[in-house]
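The values are calculated or read from the model by the stated rules, or taken from the named source; none is laboratory data. Just so we're clear, the structure is a prediction, and the values are computed from it rather than from any experiment. Positions of Cβ are backbone-derived with ideal geometry, glycine not excepted, and every protein chain shown enters the neighbour counts.
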Amino acid sequence: MNQQTHACISYIASRLISGKRITFLYDVAESREIDIRHHLDEGFLREFDDKHKDYVPGYASDCTYRYTSSTGYSIEIFINEKTFIVHLCGSAAYFIGNIRGEIIYLYDHKESAHYKYRISGYADERHKHEEISADVAVKQEDKKD
């Protein structure tokens, strides 16, 4: 599996558990930030986000979810509160993980490897920051007048 697959799985699990869209993940082992918008298959994630734009998460207990994209990818996701198992349908690959605060722990069973990502940015935060910056600029203009 490649880093893109691991980041994609982390994104999808986090999206279903928290309901928030991640924009940046920090790969702790590689000491580098991953811009989700550029490093992942944007078509697949864009389709996933469009389907889940009104999704309101809860702390699901023993919930199984299956997602099939128009490109043919199909995954099964089992969620129990903040723990998840993801299976890539049609393959022997599956991943086990959990989310604790802003940290996503992921275990790739096929590779017998652990991965750790820190969520370093959400799409909602970017929009809030832009709105605050615009409000501050308007208030500064008002003070000048």
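Some observations on this one:
- Filtered residue count, region 104-124, keeping only those that are within 19 Å of residue 32 (Cβ to Cβ) and free of Cβ contacts under 8 Å to residues at least 24 places away in the same chain: 3
- Among residues of region 23-36 that are touching a residue at least 60 places away in the same chain (Cβ under 8 Å), those with a Cβ under 9 angstrom from a residue that is part of a strand (DSSP E or B) and basic (Lys, Arg), sequence gap 6+ or separate chain, pair up as 25/118; 26/32; 26/118; 27/116; 27/118; 28/116; 28/118; 29/116.
- Pick from region 32-50, criterion at pLDDT 75 or above and outside any helix (DSSP H, G or I), ranking: farthest from residue 70 (Cα to Cα): 32
- Within region 67-95, considering residues that are in contact with a strand residue (DSSP E or B) (Cβ under 8 Å, 6 or more places away or on another chain) and surrounded by fewer than 16 Cβ atoms within 10 Å (Cβ to Cβ), the one nearest to residue 48 (Cα to Cα): 68
- Restricted to region 1-12, and to residues there that are under 10 Å from the mean Cα position of the chain (by Cα) and under 18 Å from residue 29 (Cβ atoms), the residue that is modelled with the highest pLDDT is 10.
- Matching entry among 112, 70 (being modelled with pLDDT of 90 or more and of a type in the set (Gly, Ala, Ser)): 112
- Counting the residues of region 88-105 that are more than 18 Å from residue 73 (Cβ to Cβ) and part of a strand (DSSP E or B) gives 8.
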